[in-house]
Amino acid sequence: MIRVQGISKEYRSGRGQIQALTDVSFTIEKNNTVAVFGKSGSGKTTLLYCLGGLERPERGKITCFGVEIHSLSEKALCLFQRRNIGFVFQHGNLLSYLTVYENIAFSLALNNFDGKTIAKRVHELLEKVGLAETGPALPHELSGGEVQRVSVARAIAHSPQMLLADEPTASLDTDTGRDLVQLMFNMGREHGCTMIIATHDQEIINLADAFLPLRDGKIEKEDG
Amino acid sequence: MTFKHLKFWIRTAFVFLFRSGRSTVTLSLMVVMAVAVLIFLSALAVGINDAMIRNSVGLYSGHISGFSLPQSLDTQRLKIHGVVSVLKRISIPGILSNGNNIETITIVGVDPAAELKTTAIWKKTVSGKFLKNADRTVFLSHQLADKLGVQPGNTVRFALGLNKNQIQFIVSGIYKTGIDYLDRGIAFCPFEVLPVKKDTWEAAIFIQEGFEPESIIAEYRTLISEPAGFHSWKEMMPDLLQLIDLNYISMGVVTVLVFGVVSLGIACAFVIFILKNLREYGIMKAMGATPQEIGRLIVIEVILMNLAASSIGVLIGVLLVFITNYSGIDLTYFTSHNRYFVVSGVVFPRLTFFSLCLPPILALFFSLVSAIWPAAIVTRRKAADILRSF
């Protein structure tokens with residue numbers, strides 16, 4: 001279960017103090033899929049980053065699967081992240097110097113998987129995302145849809161408890177986006193991931209078990 | 001950290017460097033050039049020092065001077081491991097005259113053939129020729145010849161003191177070394193025509209390169225008892241020793257300064273190199289890589305790049321030394337009036353452990369130091385901030 005209690009996050013920028021999240025609270029049951037939606041600047045990405053340990057909220061508590069991640073030390077937070085969280089970013093964010101194979105293997109190697117397991121797992125995942133032949137390719141040689149599919153495979157490779165996706169279909173055309181959503185949902189559910197997806201995509205919102213509408217850093221209406 | 005983990009980060013660093021192609025090559029070139037140039041300069045400094053020693057000891061004195069050696073002691077007994085040759089000499093003080101011109105001198109009995117083979121004093125002949133065995137001839141310094149007013153072929157008279165028996169010699173040649181103590185009151189003659197016998201003799205001992213005179217002397221002391229004694233060239237020429245030390249110190253300072261300046265360039269290039277890859281480090285952080293692991297990755301990148309660049313730099317440096325060592329570098333134009341280059345101004349750059357190892361070690365040290373700043377930037381920045389900035 002993921003429990004968020006009254007988290008707030010603010011930024012200092014050239015335009016002054018920006019309140020990205022204000023007193024956000026919600027609970028997500030294990031294995032559920034939640035769509036976080038809202039306009040640009042509503043705080044979707046900040047919320048995802050807080051849940052994924054990339055940001056620390058100024059106030060409030062985040063408990064993920066029994067661990068209060070807001071109070072973990074930097075190192076412990078990193079270790080928690082690498083074991084329990086998988087990220088799918090808007091533009092894939094693959095490591096550009098690593099091949100497709102190496103990108104997926106990276107998260108497995110970080111989690112201390114042995115070489116044979118890594119090879120087997122990467123090949124399985126590449127088969128599943130329909131990119132079995134692209135293992136040796138570098139990210140710049142892939143299309144946007146392929147990059148996102150590799151990104152999903154990478155995020156799910158180490159079987160994390162939580163899959164966070166930040167507008168994964170935003171840079172894709174409708175058909176490719178639909179395929180990716182199906183793939184992500186199938187794989188996420190297959191691996192028993194709790195999925196939290198920041199999106200504008202109505203299809204994702206419809207497929208989700210619950211949705212979380214954000215506006216100006218606040219939840220408009222709580223659900224789930 | 002396990003070995004498996006370290007292997008993983010080394011592999012990642014290698015892949016990053018290898019696939020960064022041009023950036024890695026540009027960065028490496030600075031290290032390659034700095035290492036190669038400094039290896040060559042260090043070898044040249046060693047070569048200059050060698051030349052000064054070779055010139056100074058090769059002219060006359062040898063690396064070790066033996067004195068008060070008993071006549072019962074054979075030169076062969078002094079030819080221990082590391083000794084190339086032992087020249088026997090017998091010095092006798094006396095008076096040399098030409099008519100009314102009288103000078104107090106030391107006449108040194110030598111083996112002309114051995115001297116020709118080992119020393120270079122004969123090369124300093126300005127008129128006439130060097131000695132021949134058994135000839136009743138003397139080889140005079142130019143100052144002595146001037147004061148006596150003699151030329152090769154003239155006759156001079158030697159006596160052990162005033163009102164003593166005089167022995168006649170013919171001047172075979174006149175030399176000029178530029179070294180004060182040799183150019184003043186010394187005359188050489190073959191052993192066979194020395195006017196008196198002496199109980200003791202002196203030795204000029206020449207040793208192999210790489211052997212220290214002190215260790216040879218220590219061995220002699222176990223073989224030969226007092227009053228026989230030995231002095232190394234370092235004791236006889238403290239000024240040369242100081243000059244060599246000074247040379248090494250200035251070379252060390254130059255090396256450090258060059259790398260200090262190069263490290264600034266490397267630091268700037270590293271900042272660009274690492275910040276260019278900032279997004280990659282941010283993604284790794286988002287995947288759960290700890291700041292320590294990112295720092296380690298950067299350090300491994302620096303070490304790998306340096307190992308590769310330094311290896312190439314060392315190869316180029318060694319090749320440069322090898323090529324110049326083959327024929328030597330003729331610095332006669334710059335050394336012709338220098339007493340430490342009296343025999344030859346040709347310098348043979350020589351590699352030593354120090355000259356070979358210091359530049360790559362310094363390159364690594366300065367590169368690591370210069371990577372601290374960009375590494376600190378990367379490890380301190382939050383993954384979220386990095387990802388938002390792209």
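Could you name every one of the helices (runs of 4 or more DSSP H) located completely within region B:292-390 that has at least 2 residues being hydroxyl-bearing (Ser, Thr, Tyr)?
The helices (runs of 4 or more DSSP H) meeting that bar are B:332-335, B:353-380.
Restricting the first residue to region B:363-387 and requiring it to be within 11 Å of chain A (Cβ to nearest Cβ) and buried (at least 17 other Cβ atoms within 10 Å of the Cβ), which pairs with a second residue that is aromatic (Phe, Trp, Tyr) and in a helix (DSSP H, G or I) meet a Cβ separation below 8 Å and a spacing of at least six or different chains?
Going by the 8 Å Cβ cut-off, the qualifying pairs are B:Ala384/A:Tyr49; B:Ile386/B:Tyr281.
Looking at (1) open to solvent by 50 Å² or more (accessible area, probe 1.4 Å); (2) in a loop (DSSP other than H, G, I, E, B); (3) touching a residue at least 60 places away in the same chain (Cβ under 8 Å), which is the only condition B:Arg77 fails?
(2)
Could you grab me the full set of residues in region B:185-197 that are surrounded by fewer than 16 Cβ atoms within 10 Å (Cβ to Cβ) and either in a loop (DSSP other than H, G, I, E, B) or modelled with pLDDT of 90 or more (or both)?
B:Val196, B:Lys197
Based on what the data block shows, is A:Ser107 under 30 Å from B:Lys276 (Cα atoms), among the hydroxyl-bearing types (Ser, Thr, Tyr) and open to solvent by 20 Å² or more (accessible area, probe 1.4 Å)?
It is false that A:Ser107 is under 30 Å from B:Lys276 (Cα atoms), among the hydroxyl-bearing types (Ser, Thr, Tyr) and open to solvent by 20 Å² or more (accessible area, probe 1.4 Å).
In region A:84-101, how many are more than 7 Å from chain B (Cβ to nearest Cβ) and either part of a helix (DSSP H, G or I) or of a type in the set (Gly, Ala, Ser) (or both)?
5
Is it true that B:Ser85 is of a type in the set (Gly, Ala, Ser), free of Cβ contacts under 8 Å to residues at least 60 places away in the same chain and under 29 Å from B:Ile217 (Cα atoms)?
no
Within region B:40-74, can you find the residues that are surrounded by fewer than 23 Cβ atoms within 10 Å (Cβ to Cβ) and outside any helix (DSSP H, G or I)?
Hits for region B:40-74 are B:Ser65, B:Phe67, B:Ser68, B:Pro70, B:Gln71, B:Ser72, B:Leu73, B:Asp74.
Please determine whether any residue of region A:53-76 is part of a loop (DSSP other than H, G, I, E, B), within 14 Å of chain B (Cβ to nearest Cβ), surrounded by fewer than 23 Cβ atoms within 10 Å (Cβ to Cβ) and in contact with a Pro (Cβ under 8 Å, 6 or more places away or on another chain).
Within region A:53-76 (the criterion being part of a loop (DSSP other than H, G, I, E, B), within 14 Å of chain B (Cβ to nearest Cβ), surrounded by fewer than 23 Cβ atoms within 10 Å (Cβ to Cβ) and in contact with a Pro (Cβ under 8 Å, 6 or more places away or on another chain)), the answer is no, since none of the residues qualifies.
Scan B:Val15, B:Val35 and give me the residue that is without any contact (Cβ under 8 Å) to a residue 40 or more places away in the chain and surrounded by 15 or more Cβ atoms within 10 Å (Cβ to Cβ).
B:Val15
Is one or more of the residues making up region A:17-35 part of a loop (DSSP other than H, G, I, E, B), within 16 Å of A:Asp216 (Cβ to Cβ) and more than 11 Å from chain B (Cβ to nearest Cβ)?
No - not one qualifying residue is present in region A:17-35.
The values are calculated or read from the model by the stated rules, or taken from the named source; none is laboratory data. These figures come from a predicted structure and were not determined experimentally. We place every Cβ from the backbone using ideal geometry, glycine too, and count neighbours over all the protein chains shown. In case anyone asks, the SASA skips ligands and DNA or RNA and just uses the protein heavy atoms, side chains included. Shrake-Rupley method; radii C 1.70, N 1.55, O 1.52, S 1.80 Å.
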